[in-house]
Amino acid sequence: MRSRASETVKNADLFGAGRERAVERMFDRVARRYDLLNRLLTFGLDRRWRRRSVRLMDLSAGSLVADLACGTGDFCDELERVRHRAVGVDFSAGMLRHATTSAPLVRADVLRLPLPDGALEGAVCGFALRNVTDPEAFLAEVARAVRPGGRIALLEVAEPTCRVTSAGSSRSSAGSCRTGRPTATCPTRCACYRRRTNSPTN
């Protein structure tokens with residue numbers, strides 16, 4: 001059994017009220033079944049998608065990479081498997097209590113990361129973007145915490161458009177981009193690019 005959270009912020013009012021608190025409570029409730037739900041919703045493909053996302057980042061071994069909204073730490077495990085230095089961040093105390101990763105874990109809001117500018121070589125986020133209350137602020141915060149030229153990989157599921165597979169199934173949307181540079185998966189609309197270039201949105 002691997003270690004649980006190595007660092008926990010105990011202030012119960014850290015994340016305010018409203019939707020943020022509702023999301024936190026929801027994840028606290030499902031924490032015990034979270035990994036099983038991921039396996040069921042993705043037909044067990046979530047592990048493969050995490051491996052691919054980490055591979056697409058193409059970072060040197062030993063890079064410091066944050067797993068944002070880390071849940072029980074599956075992405076942290078994949079990062080450590082390829083010899084990166086992983087740190088997990090999540091605001092759900094319940095999820096952190098049920099974490100099985102050996103990576104250090106911090107209870108914090110991904111919109112206000114307790115990290116200095118450019119502290120990370122990379123960042124990943126798996127199956128959590130749909131629950132972020134302000135996606136643009138999230139991307140701007142990631143761009144702040146990841147050094148220029150670093151890499152981010154964002155993994156999410158969506159309903160397939162194919163009629164045959166759309167009933168009760170999911171597909172992944174995995175993308176990796178280098179901060180400060182547009183790519184096919186991080187166009188100029190992306191806040192992490194727009195923030196560094198002042199590029200207008202269309």
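Quick check on my filter: what residues within the stretch 103-126 are under 17 Å from residue 57 (Cβ atoms), touching a helix residue (DSSP H, G or I) at 6+ places or on another chain (Cβ under 7 Å) and touching a residue at least 60 places away in the same chain (Cβ under 8 Å)?
Result: 122, 124, 126.
Restricting to the stretch 74-102, count the residues that are aliphatic (A, V, I, L, M) and touching a residue at least 60 places away in the same chain (Cβ under 8 Å).
Residues flagged as aliphatic (A, V, I, L, M) and touching a residue at least 60 places away in the same chain (Cβ under 8 Å) within the stretch 74-102 amount to 4.
Given the condition at pLDDT 85 or above and among the basic types (Lys, Arg), answer yes or no: does some residue in the stretch 171-187 qualify?
Scanning the stretch 171-187, I find no residue that is at pLDDT 85 or above and among the basic types (Lys, Arg), so the answer is no.
Step by step: first the residues of the stretch 58-68, then only those that are of a type in the set (Gly, Ala, Ser) and within 13 Å of residue 153 (Cβ to Cβ), then the one that is nearest to the chain's Cα centre (by Cα). Which residue is that?
Checking each candidate, the answer is 66.
Might you check whether a residue that is surrounded by 21 or more Cβ atoms within 10 Å (Cβ to Cβ), over 19 Å from residue 141 (Cβ atoms) and among the acidic types (Asp, Glu) occurs anywhere in the stretch 41-50?
yes
What is the residue count in the stretch 81-93 for residues that are surrounded by fewer than 20 Cβ atoms within 10 Å (Cβ to Cβ) and under 23 Å from residue 37 (Cβ atoms)?
Count: 2.
Being modelled with pLDDT of 95 or more, buried (at least 19 other Cβ atoms within 10 Å of the Cβ) and farther than 20 Å from residue 138 by Cα, is that true of even one residue in the stretch 68-75? Quick ask: steps written out before the conclusion?
Of all residues in the stretch 68-75, those modelled with pLDDT of 95 or more come to 68, 75.
Narrowing further to those that are buried (at least 19 other Cβ atoms within 10 Å of the Cβ): 68, 75.
Right, trim to farther than 20 Å from residue 138 by Cα and you get none.
Taking every residue of the stretch 68-75 in turn, none turns out to be modelled with pLDDT of 95 or more, buried (at least 19 other Cβ atoms within 10 Å of the Cβ) and farther than 20 Å from residue 138 by Cα.
Restricting to the stretch 57-80, give me the number of residues that are assigned to a loop (DSSP other than H, G, I, E, B) and among the acidic types (Asp, Glu).
Selection size over the stretch 57-80: 1.
Can you give me the number of residues within the stretch 143-158 that are in contact with a helix residue (DSSP H, G or I) (Cβ under 6 Å, 6 or more places away or on another chain) and more than 18 Å from residue 78 (Cβ to Cβ)?
1
Before we move on, is residue 87 in contact with a strand residue (DSSP E or B) (Cβ under 8 Å, 6 or more places away or on another chain), aliphatic (A, V, I, L, M) and farther than 19 Å from residue 154 by Cβ?
Criteria not met by residue 87.
The values are calculated or read from the model by the stated rules, or taken from the named source; none is laboratory data. No experiment lies behind these values; they were computed from the predicted model shown. Because the Cβ atoms are built from the backbone with ideal geometry, glycine has one as well, and the counts that use them run over all protein chains shown.
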